[in-house]
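Undergrad: Got a structure for you, questions after.
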Amino acid sequence: MRSAVSRMLGWVALGVVGVGALKIVHSQQAPEGPPSPAAAAYLPPVPAAGSVFAAPLGASPPLRIDIPDVDIHADLMKIGLQADGSVGVPPLDQAQRAAWYDRSPAPGEAGPSIIDAHVDSRETRGFRGAFYNLGRIQPGEHIEITRSDHIVVTFTVDSVQQAPKNEFPTSRVYGSVPYAALRLITCGGDFDYAKASYKDNTIVYAHLSETSAN
């Protein structure tokens, strides 16, 4: 549980690792059988058996993200890479918006689409960022994203991970998958006062399960 003080101070960048134009390719399963536990830690998570998959769509920039189960509702902006090669984040004075990484697939396209947002910011009302409640999300819950082509793509959450920022699971987040996937990223864990930053990232993994016209 974050303290009130840490929520108010946790306004620094997410520390999300960027891969630029690099395409990290991993199979879901080694040809000779399931990967070893050590190797599996680097592979994108596999949706549960019996999961419903919707067919991937073409490209269309996302406009909005809604996660009713945890009261997340935010407009989306487009971001790229920062000078240090990490994925950009919304400006601190716009921390109640989320950001789609535009070198990743658009939500609904095949592959992992990346969206990040601040958990909190001292520059927004109530100090809350767009993904303040992201750590409450549970597998099986739904994420809705409205695209500019007026299609709403619904993703089902497969798993949630809390990872140290200095051990960011790049391969798991950016690794290629044959279906339309979504990765949501924000800060999490304890607050490091010396670095004025949270120690971890909260990462949500999901797959496309439904599409509908808006």
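All of the numbers you see were taken from the coordinates with simple rules; none came from a lab. Keep in mind that this is a model prediction, so the values were computed, not measured. Here the Cβ is made from the backbone with ideal geometry for all residues, glycine too, and neighbour counts use every protein chain on show.
Undergrad: Under 18 Å from a point 7 Å along the Cα-to-Cβ line of His150: which residues of region 189-214 have their amide N that close?
TA: Answer for this model: 211-214.
Undergrad: Can you sort Phe155, Phe191 by how many other beta carbons sit within 10 Å, fewest first?
TA: Phe191, Phe155
Undergrad: Enumerate the calculated ³J(HN,Hα) couplings along region 53-63 in order (Karplus 6.51 cos²θ - 1.76 cosθ + 1.60, θ = phi - 60°), each rounded to whole Hz, writing x wherever the residue is Gly or Pro.
TA: Along region 53-63, the couplings run 10, 9, 5, x, 10, x, 6, 6, x, x, 10 Hz.
Undergrad: Right, another one. Please list the non-local residues whose amide H lies under 5 Å from the amide H of Arg64, H modeled 1.01 Å from N, same-chain partners needing a gap of 5 or more.
TA: Under 5 Å from the amide H of Arg64 lie the amide H atoms of Leu76, Thr146, each far enough along the sequence or on another chain.
Undergrad: Give me a comma-separated list of calculated 3J(HN,Hα) values for region 157-162, in order, Karplus coefficients 6.51, -1.76, 1.60 applied at θ = phi - 60°, integers in Hz, x for any Gly or Pro.
TA: After applying 6.51 cos²θ - 1.76 cosθ + 1.60, I find 5, 8, 6, 10, 10, 10 Hz.
Undergrad: I would also like to ask the following. Which of the listed residues, Asn214, Ser171, Leu134, is farthest toward the dipole's positive end in region 108-214, when Lys, Arg count +1 and Asp, Glu count -1 at the beta-carbon?
TA: With unit charges placed on the Cβ atoms, the residue in question is Leu134.
Undergrad: Further question: Can you run phi through the Karplus equation (6.51, -1.76, 1.60; θ = phi - 60°) for region 79-93 and list ³J(HN,Hα) in whole Hz, with x for Gly and Pro?
TA: Values, residue by residue: 9, x, 8, 8, 4, 8, x, 8, 5, x, 9, x, x, 4, 7 Hz.
Undergrad: So, one more: Return the long-range amide H neighbours of Ser121 (sequence gap of 5 or more, or a different chain), with a cut-off of under 5 Å between placed amide H atoms.
TA: Under 5 Å from the amide H of Ser121: Arg128, Gly129.
Undergrad: Taking amide H positions as placed in the peptide plane 1.01 Å from N, state which residues far from Gly111 in sequence (5 or more) or on other chains have amide H under 5 Å from it.
TA: Those lying under 5 Å, H to H, from Gly111 are Val177, Tyr179, Ala180, Ala181.
Undergrad: Let me ask you something else. Tell me the net charge near Pro45. Cut-off is 15 Å between Cβ atoms, Pro45 excluded, with +1 for each Lys or Arg and -1 for each Asp or Glu.
TA: So the surrounding residues net to +1.
Undergrad: Now for a different question. Please enumerate, by chain and number, the aspartates and glutamates with C-alpha under 18 Å from the C-alpha of Lys165, excluding those fewer than 8 residues away in the same chain.
TA: Straight-line reach from Lys165, under 18 Å: Asp84, Asp116, Asp120, Asp190, Asp192, Asp200.
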